[in-house]
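Just below is one structure, and these are the notes that go with it.
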């Protein structure tokens, strides 16, 4: 067994990552970056940024930004004005505007530019936001040399198996993470009001923000939550002031959300229940769809069952302060991913699992690596190439299974650690 020590020996005394794993992460990261460069990001690829850009433009003109036909017409007008052709249409069924009203004011400054000019600027912003998130998260790990944490987190972030796709489509995810991790660092610096403002801005991606809000609640910082609510209220006030019929707009948003959900779980979709959108969804409802048609309609019951299975094990550790901020945040993030609408790229919010690995014992560290490995490995492509079918179709849902396994490991560790907190991870 002594000769196998290299399997667990960290590449640096302050790192939880073995040398062989760091080498693998670098290979995966290099592959992802090469894939992104080869895809040539451009105006025809930024389909996740486009609804926000168009919605902000419609809002500025006083229209209903959630009116799908108006969104499409605004795109047609922009194409005619700027002279480009051949790009796909925005909106339903593929990319409807489903962000909350307070998200749109954040994107108004970009509407001062033509689409062909706004896209390169947005890509440049995304290219800066991922390293910014890494630096902010590395700042939370204060007992680790900054360069070690940055190397580790950069390798993990770029090796994440769908980070290239998220960047290619211009996913606003990176903005949410940067704002959220900045809010976390400000909490550590005892600046609750500033942390609240950034938390409020991060809620534009409403299904990811609850993890950051729960962290502020866990840290017992009501001022942060109040500042976040006020920030949302101010942004919502801007929306109401600019949109002629805000109530109609909210009703249209509800229709868009309903239409997108039905499109995801459409039995007529090619390959159902292994259609791409279902497989990419991280929720337990998507996993249940594999076995029970239309299981998504009972997602509330499925989510409640998951919470009932998990939370009783966490009440005592949380109340007694036996859980570090990193472990608590990771739990909040995993539960959010499993119970609300997300795609695989949103799992990038689990980067703080690195902080958990730093503070815990070797056995849990190895268990976390095994449980989270599907977030790094391109398993779906391999399974598809092998023509897997029948009961083995479950392998396509490796991300959902991984999230359930991570939740189990975090729960086990919360009890096994018996209150041992990392020195750089204050409660």
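The table below lists the values:
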read-out	value
Residue satisfying all of: in the range 79-110; assigned to a helix (DSSP H, G or I) and modelled with pLDDT under 95; surrounded by the most Cβ atoms within 10 Å (Cβ to Cβ) among these	79
Failed criterion for residue 167 (all others in (1) surrounded by fewer than 22 Cβ atoms within 10 Å (Cβ to Cβ); (2) in contact (Cβ under 8 Å) with a residue 60 or more places away in the chain; (3) part of a helix (DSSP H, G or I) hold)	(1)
Residue match in the range 316-334 (condition: touching a helix residue (DSSP H, G or I) at 6+ places or on another chain (Cβ under 8 Å) and either outside the structural domain of residue 281 (by TED's automatic domain parsing) or free of Cβ contacts under 8 Å to residues at least 24 places away in the same chain (or both))	no
Hits in the range 10-27 - residues which are in a strand (DSSP E or B) and over 22 Å from residue 161 (Cα atoms)	10
Any helices (runs of 4 or more DSSP H) falling wholly within the range 180-281 and containing at least 2 residues that are closer than 28 Å to residue 401 by Cα	209-218, 246-264, 276-280
Any hit, the range 369-382, residues being under 16 Å from residue 154 (Cβ atoms) and either in the same structural domain as residue 13 (by TED's automatic domain parsing) or outside any helix (DSSP H, G or I) (or both)	yes
Residue match in the range 111-128 (condition: modelled with pLDDT of 95 or more, closer than 24 Å to residue 13 by Cα and assigned to a helix (DSSP H, G or I))	no
Test: residue in the range 227-238 that is under 17 Å from the mean Cα position of the chain (by Cα), at pLDDT 95 or above and crowded, with 21+ Cβ neighbours inside 10 Å	no
Flag if residue 40 is within 28 Å of residue 107 (Cα to Cα) and free of Cβ contacts under 8 Å to residues at least 12 places away in the same chain	yes
All positions within the range 111-163 that are surrounded by fewer than 18 Cβ atoms within 10 Å (Cβ to Cβ), closer than 30 Å to residue 56 by Cα and over 21 Å from the mean Cα position of the chain (by Cα)	112, 113, 114, 116, 117, 120, 121
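So that you can scan it fast, the table gives a plain yes or no per residue for (1) in contact (Cβ under 8 Å) with a residue 60 or more places away in the chain; (2) under 22 Å from the mean Cα position of the chain (by Cα); (3) more than 24 Å from residue 202 (Cβ to Cβ); (4) assigned by TED's automatic domain parsing to the domain that holds residue 364:
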site: 19; (1), (2), (3), (4): no, no, yes, no
site: 46; (1), (2), (3), (4): yes, yes, no, no
site: 53; (1), (2), (3), (4): yes, yes, no, no
site: 61; (1), (2), (3), (4): no, no, yes, no
site: 67; (1), (2), (3), (4): yes, no, yes, no
site: 73; (1), (2), (3), (4): no, no, yes, no
site: 77; (1), (2), (3), (4): no, no, yes, no
site: 89; (1), (2), (3), (4): no, no, yes, no
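The values are calculated or read from the model by the stated rules, or taken from the named source; none is laboratory data. Values in this document were obtained by computation on a predicted structure and should not be read as measured data. Positions of Cβ are generated from backbone atoms using ideal geometry, with glycine treated the same way; all protein chains shown enter the neighbour counts.
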